[in-house]
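Undergrad: Structure below; questions to follow.
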Amino acid sequence: MGRPRAFDEGHVIRAAAELFAAHGYEGTSIDDLVNGLGVHRGSLYKVFGSKRGLYASALRTHVEEQVRPLTAALAASGDLAQALASAAASYDSGPAAGLLLLAAVERAPHDPEIAELVADAFQALDQALADFAPPELAPALTATVLGARIRNQPGPVINLARHIRPTGD
């Protein structure tokens, strides 16, 4: 019988998400993870299989704990300008802010599992915004929100919202 795990898996996953968000997948070495997380190399490999396995777990947790709750809140919002402003300011935020967006450009083009996680998160934002505008505009609104998030400038998104007629009008 092996020794009991000496670390909290959820804590390690969230801390790894912060490291990956700060330095990217390629910029975060196993040594960085071992030192930053305070977990033995063997333990990381035993639990996650690889750096990539830990990265996938970190991204999955980030999406479930940070991104999905925001998309649910956006969907419940009654005002397009407010929803877009909140999305542009908060989407992919929290301690690991930027992890999803970084994953979209750094890992998704080369890793089908990461691409699926990213696509699902973006689709959730599409669906949340589709209630406020014609459905064919939702992906364009998502792209605009993500661009504003990258630039950290939600103002232009709010101005855009003033020119879009809500569905049902």
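The values are calculated or read from the model by the stated rules, or taken from the named source; none is laboratory data. Given the structure is predicted, the values throughout are model-derived calculations rather than measurements. Here the Cβ positions follow ideal geometry from the backbone for every residue, glycine too, while neighbour counts run over all protein chains shown. Surface areas here come from the heavy atoms of the whole protein model, side chains and all, with no ligands, DNA or RNA. Shrake-Rupley method; radii C 1.70, N 1.55, O 1.52, S 1.80 Å.
Undergrad: To the nearest 0.05, what FRET efficiency results for GLU64 and VAL105 with a Förster distance of 25 Å applied to their C-beta separation? Display every interim value, and only then the final one.
TA: Numbers: r = 21 Å, r/R0 = 0.84.
Efficiency at R0 = 25 Å is approximately 0.75.
Undergrad: Using only alpha carbon positions, build the gyration tensor of region 28-67, then give the equivalent ellipsoid semi-axes as the square roots of 5 times its eigenvalues, largest first, whole angstrom.
TA: Numbers: eigenvalues 75, 23, 13 Å².
Equivalent ellipsoid semi-axes, largest first: 19, 11, 8 Å.
Undergrad: Helix-only mean residue ellipticity at 222 nm, the chain, DSSP H runs n ≥ 4 weighted -39,500 (n - 2.57), per residue, nearest 500. What is it?
TA: Values: 10 runs with 111 residues, N = 169.
The helix contribution divided over the chain gives -20000 deg cm²/dmol.
Undergrad: log10 I(q)/I(0), Debye, Cα-only region 66-169, no solvent, q = 0.11, 0.13, 0.19 Å⁻¹?
TA: Here the Debye-derived log intensity ratios amount to -0.30, -0.42, -0.88.
Undergrad: Still on this model: Can you give me the convex hull volume of the Cα atoms of region 1-159, divided per residue and expressed in Å³? Spell out each step's value before the answer.
TA: On the way: hull volume 17.8 nm³, N = 159.
Per-residue hull volume (Cα only) is 112 Å³.
Undergrad: For LEU44, what accessible surface area do you get with a 1.4 Å probe? Give it in Å², rounded to 10.
TA: Taking all protein chains as shown, LEU44 has close to 10 Å².
Undergrad: Helix 112-130 versus the longest principal axis of the chain: what is the Cα-based angle in degrees, 0 to 90, to the nearest 10?
TA: The two axes meet at around 30 degrees.
Undergrad: Among SER43, SER93, SER77, which one shows the highest mean-square fluctuation when the chain is modelled as a Gaussian network with alpha-carbon springs under 10 Å?
TA: Result for the chain, Cα springs under 10 Å: SER43 fluctuates most.
Undergrad: Compute the Kirkwood hydrodynamic radius of region 1-87, taking the inverse of the mean of 1/r over all pairs of distinct Cα atoms, and give it in Å to one decimal.
TA: 14.5
Undergrad: Taking only C-alpha pairs under 8 Å that are 6+ residues apart, what is the relative contact order of region 36-117 in percent?
TA: Working: 45 pairs, mean separation 21.7, N = 82.
With pairs under 8 Å counted, the relative contact order is 26 percent.
Undergrad: Let me ask another. Just grab the label-to-label distance for ALA76 and LEU137, each label 7 Å out from Cα along the Cβ direction, in nm (one decimal).
TA: Taking the simple label geometry, ALA76 and LEU137 are separated by 2.5 nm.
Undergrad: Let me ask another. What part of the accessible area of the chain, given as a whole %, is carbon or sulfur when the probe is 1.4 angstrom?
TA: Values: 4570 of 8740 Å².
With neighbouring chains kept in place, the figure for the chain is 52 percent.
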